[in-house]
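The values are calculated or read from the model by the stated rules, or taken from the named source; none is laboratory data. Remember, predicted model here, so these are calculated numbers, not experimental data. Reconstructed Cβ throughout: ideal geometry from the backbone, glycine too, with neighbour counts over all protein chains shown. We work out accessible area using only protein heavy atoms, side chains counted, and drop any ligands, DNA or RNA first. Shrake-Rupley method; radii C 1.70, N 1.55, O 1.52, S 1.80 Å.
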Amino acid sequence: MVINVKNLVKRYGSILALDHFSLQIEEGEVFGLLGPNGSGKTTAINCILSLLKYDKGTIEIFGKPMRPDAYSIKQDIGIVMQNVAVFQELSVQENIDYFCGLYVKDRQKRRELVEEAIDFVGLQDFRRFHPKKLSGGLLRRLNIACGIAHKPRLIILDEPTVAVDPQSRNSILEGILKLNEQGATIVYTSHYMEEVEQICSRIVIMDKGKTLATGTKEQLKGMIKGGETLTVELFGLKEEQLDEVKRLPHVTGAEYDGARLTAHCSGGAHNLIRLLDYLREQELSFGRVYAEPPTLNDVFLEITGKHLRD
Ligand SMILES: Nc1ncnc2c1ncn2[C@@H]1O[C@H](COP(=O)(O)OP(=O)(O)OP(=O)(O)O)[C@@H](O)[C@H]1O
């Protein structure tokens, strides 16, 4: 097992940031830590890395107890933190070389690794630039290159795409999958469910410092009663008709905003056909129609009663 965390408790004064938090991550996983802002993701990562003292619990990495002075373990970990942490006075190349040099002393070897990292994040044309000349997206890529240049076995990324343009975001996500293909185990924290769904093989959903549910995205979605959401664009739906929609088989709830009818359905087949048949019977004409499978937000909503991003 790459990470084994048991019953972690962390308090900041009266705030209970981690409440008996446990986590098991196997070699080769792309593991997602999904939770709203303030749910304890960064605190969990900082405790796992021994950057923060905790009140209770045990942490093992690569089967060994993790401690602040466990340098042999730290050498095999790459960290990409939420806040970009690079030196303003060093160029792109020098920054990557500095961070790589914390783990790799051999200069020749390091030169190769720095070049590979520059290629990997696509900063070839910017190697002599200083950080203040880089856009937000490029700066994030530099931050990632600094964290991964030494080819660690475990890479932990804490919200690496916050405030990043869509193009850089995609290239970051693709890069993470490539690192995983090359053998690294990945831990990825985010409050963006779409990203976690896109790249993670297993996910823990957390809230208020606790683990709410763990599994693949299919397993997590299978845990809830809610199934697909149907949306129909139409005008003139009356209140009695909305009430009748709510009473259709498998419909667990419905809303109408004057232009769009949204119906939430539990499992069951033919929900869309049944809804459209009803609208035709009522001689209501409709525009676009779409059916969406449940999302991780629906899972979070059903467990906690609130949205991931309130
Ligand atoms: N240094 C600190 N002192 C006091 N309280 C803190 C400190 N750091 C975090 N907290 C509190 O601990 C809880 C968990 O915060 P944490 O930053 O770990 O959450 P998060 O899920 O990473 O959120 P975000 O996505 O906003 O970073 C929050 O209630 C936060 O306000």
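For the reader, a short list of remarks on this structure follows.
- Of the beta bridges in the range 3-220, as assigned by DSSP with both residues counted there, near 55 percent are antiparallel.
- Normalised contact order of the range 225-293, rounded percent, pairs of Cα under 8 Å and 6 or more residues apart: 46
- Net charge, residue 292 excluded, C-beta distance under 11 Å - Lys, Arg +1, Asp, Glu -1: -2
- Using alpha carbons only, the radius of gyration of the range 212-281 set against its Kirkwood radius gives Rg/Rh = 1.05.
- Average projection area in nm² (convex hull over Cα atoms of the range 3-75, one quarter of hull surface): 5.1
- What the phi angles of the range 158-164 give under the Karplus curve with 6.51, -1.76 and 1.60, with θ = phi - 60°, is a coupling list of 9, 6, x, 10, 4, 6, 10 Hz, glycine and proline written as x.
- For the range 180-224 and the range 110-178, distance of Cα centres in Å: 22
- Ordered from longest to shortest, the equivalent ellipsoid semi-axes for the range 22-115 are 28, 17, 13 Å, each the square root of 5 times a Cα gyration tensor eigenvalue.
- Per-residue Karplus couplings for the range 277-289, computed as 6.51 cos²θ - 1.76 cosθ + 1.60 with θ equal to phi - 60°, are listed in order as 4, 5, 5, 5, 3, 7, 6, 9, 8, 10, x, 5, 10 Hz, Gly and Pro entered as x.
- Taking a Cβ cut-off of under 15 Å around residue 221, the surrounding Lys, Arg, Asp and Glu residues balance to a net charge of -4, with basic ones at +1 and acidic ones at -1.
- In order along the range 258-263, phi translates into HN-Hα couplings of x, 9, 9, 9, 10, 10 Hz, rounded to whole numbers, per the Karplus curve 6.51 cos²θ - 1.76 cosθ + 1.60 with θ = phi - 60° and x for Gly and Pro.
- Values of log10 I(q)/I(0) for the range 124-186 across q = 0.16, 0.26 Å⁻¹ run -0.53, -1.22, by the Debye formula with one identical scatterer at each alpha carbon and no solvent.
- For residue 213, the residues whose amide H sits under 5 Å from its own are 205, ignoring neighbours fewer than 5 places away on the same chain, with H placed 1.01 Å from N.
- The protection proxy used here, the mean number of other Cβ atoms lying within 10 Å of each residue, ranks peptides 162-171, 212-221, 28-37 as follows, highest first: 28-37, 212-221, 162-171.
- The alpha-carbon atoms of the chain, seen along their principal axes, cover 76, 47, 34 angstrom, with the largest extent given first.
- Highest-first packing order for the peptide set 43-52, 145-154, 280-289, 77-86 is 145-154, 43-52, 77-86, 280-289, based on the mean count of other beta carbon atoms within 10 Å.
- Cβ-defined net charge surrounding residue 254, 14 Å radius [Lys, Arg +1; Asp, Glu -1]: -2
- Lysines with Cα under 18 Å of residue 217, excluding same-chain neighbours fewer than 8 positions away: 225
- Over the chain, DSSP H runs of length four or greater, each weighted -39,500 (n - 2.57), average out per residue to a 222 nm ellipticity of -10000 deg cm²/dmol.
- In units of the rule-of-thumb radius 2.2 N^0.38 Å, the range 1-157 shows an alpha carbon radius of gyration of 1.13.
- Solvent-accessible ranking of 250, 191, largest area first, probe 1.4 Å: 250, 191
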